[in-house]
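The values are calculated or read from the model by the stated rules, or taken from the named source; none is laboratory data. None of the values given here were measured: they were computed from a predicted structure. With ideal geometry, Cβ positions are generated from the backbone for all residues, glycine too; neighbour counts draw on all protein chains shown. What goes into the accessible areas is simple: the full protein's heavy atoms, side chains included, and nothing from ligands, DNA or RNA. Shrake-Rupley method; radii C 1.70, N 1.55, O 1.52, S 1.80 Å.
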Amino acid sequence: MSDSNGSMPDWEKRFRAPRVSLPDWAEDAPDRSLFVSNATGTYELYAWDRATGTQRQATDRANGTTDGVLSPDGEWIWWFSDKDGDEFGIWLRQPFTGGEDTEAVPGLAPSYPAGLAIGRDGRTAVVGRSTDEDGTTLHVVRPDGDGPTEIYRHRESAGVGDLSHDGTLIAIEHTEHGDAMHSALRVVRLDGSTVAELDDTRGGQEELGLEVLGFAPVEGDTRLLVGHQRRGRWEPMVWDFASGEETDLALDLPGDVSAEWYPDGSALLIAHEFEARGDLWRYEFATGALTKVDTPVGSVSGATVRPDGSVEYLWSSAAEPPVVRSTGGTSPALKAVGEGGVVLDPPGMRAPASVPVEDVWVEGPGGRIHALVQKPAGASGPLPTVFEIHGGPTWHDSDAFAAGPAAWVDHGFAVVRVNYRGSTGYGREWTDALKHRVGLIELEDIAAVREWAVTSGLADPDRLVLAGGSWGGYLTLLGLGTQPGSWAVGLAAVPVADYVTAYEDEMEALKALDRTLFGGSPEEVPDRFAASSPLTYVDDVKAPVYISAGLNDPRCPIRQIDNYVDRLAARDAVHEVYRYEAGHGSLVVDERIKQVALELDFARRHLPPQ
């Protein structure tokens, strides 16, 4: 959508400007790619033939589509079809070149997805499912079989990690030990029989998680790339599941490290995250050499190695909008790479730049807390300030482009984003610190950063906004009740508001996560759930509250939000609620803009005058 008359504000342009994801490419047909874009105003899947330059919109649904997988032979697009964002549905598939959508796995009832891996023949697949009745089940679909064959079932959460290069073995991540935050691994045959196990859990003492990063992409190679936490952070290692040998890479890089294979299996592309920024490296197995891949300072939110050895990556910074770039290579397909190494340039206007972030480190009750601060160019405090709290909780804010915080900056606000205990990127101990005092621990860190913001002169103590979505929305409501004198306005999007009711209604995988965080179910540890539920403190809330909620949200369901709102209404507390027809957020650009506009208006009307 263009802005020919110049009347559209920059904050809105940042949402409307077309964006693209990092393209996924077919292993055996690398000129065929699949990506996500909002070019039509709704996030949808697009097929891209790099050899011809042809791009085609593959899905078109009122509430958007983002979950799609390209088969290794490049012939099929598999995509997950739910109802209005409820995340409960089935896999459909369509030919890469276009055609009718058909049910990919006839005979499997709708479910929540728990992973998908497709064989190189394009038809054999391993499908993970999660339901309240069955827990997690994995099914194998064969080219000429009678239907899906169940090969795995367990009440605890699990998922498909990867399918081997020859399509005969499956790597499974599972939490049969009951800790949903730390997976163990199992390699099985297509009939479900076990080949090998790797389990770093220690009987509930010090749990260490593992993750599948991928089978070696070479025929007959029995190496599996695995992420582990044995030294207190995420790092890659190579596990030969046939011999049991483990190769510890011990990379000399601070922070969290992940990896993926180069296509010939001789090297790894290392993705490195440290202090809210990311970069890329190449690791050579033969020599152990670690060589930096040239990327700008900022955040790399995805990267992949092409068959010609070039690296494509999605990069942005807080100031600069995202772009898909390539390091260059020898393939004829690189004729598509434009100026500055741009691989995929969406049509239409480019998002306006914003302001860079400043790093702040604050001493807190659990250690040094990292916060990212943005403020209007040239502004000096004290400023009205928004504490924009990230979701997850196992996530972290980074030096990456975000249209929401930039909108607040455009309206004269400082924005503070806190990587509280529970955030990823600062080591396993920091991430795992939440247990049992859920929500309250994060708010201790947010309070410490709030104190810094006020005493440093950045923030006006009378004009502080606590805001966030998902887990950030939960922390917003909990903070308004437990720190009622600290915040002038609260803005909570798709939040947990009544934790017991949320547990009753949410998807099964999240119930497992909650049991891990709290040490049991609401029936087993009722006091912990009560202490961490915003509903417990709703009568102490003083600040005006704005809540937005998706009617079909399976993660933070609507009934528990209604319970909280009813309590606000019962005492005539100042509040507004906006309900919309979608799930855990919206994939429609107009809807996102509407929600930001409502939040800006609510803050403007209810913050005290300067």
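Structure values in brief
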quantity: Dipole of segment 457-610 [Lys/Arg +1, Asp/Glu -1 at C-beta], most positive-end residue of Met507, Cys556, Leu458; calculated: Leu458
quantity: Surface accessible to a 1.4 Å probe, per residue, for the residues of the chain, Å²; calculated: 39 Å²
quantity: Between helix 508-518 and the chain: long-axis angle, C-alpha atoms, 0 to 90°, nearest 10; calculated: 60 degrees
quantity: Nonlocal amide H pairs with Trp76, under 5 Å, H built at 1.01 Å; calculated: Ser71, Phe96
quantity: Rounded tilt (10° steps) of 589-606 against the dominant C-alpha axis of the chain; calculated: 20 degrees
quantity: Pairwise Lys count, the chain - Cα closer than 27 Å, eight or more residues apart or different chains; calculated: 9
quantity: Packing rank of 371-380, 417-426, 490-499, 240-249, where each peptide gets the mean count of other beta carbons within 10 Å, highest leading; calculated: 490-499, 417-426, 371-380, 240-249
quantity: Between helix 440-455 and the chain: long-axis angle, C-alpha atoms, 0 to 90°, nearest 10; calculated: 60 degrees
quantity: Residue (of Gly348, Pro321, Ser398) at the positive-pole extreme of segment 266-413, dipole from beta-carbon charges; calculated: Gly348
quantity: Charge dipole (debye, nearest 20) of the chain; +1 at Cβ of Lys and Arg, -1 at Cβ of Asp and Glu; calculated: 1540 debye
quantity: Sulfur and carbon atoms: percent of accessible area, segment 485-605 [1.4 Å]; calculated: 49 percent
quantity: The chain - Rg (one decimal) and Dmax (whole number), Cα, Å; calculated: 23.9, 71
quantity: Helix-derived mean residue ellipticity, 222 nm - over the chain, DSSP H n ≥ 4, -39500 (n - 2.57), to 500; calculated: -5000 deg cm²/dmol
quantity: Global geometry of segment 19-122, whether rounded, prolate or oblate, following the gyration tensor of its Cα atoms and the 1.5 cut on a/c; calculated: oblate
quantity: Distant-in-sequence amide H partners of Tyr546 (H built 1.01 Å from N, under 5 Å); calculated: Gly490, Leu491, Ala492, Glu576
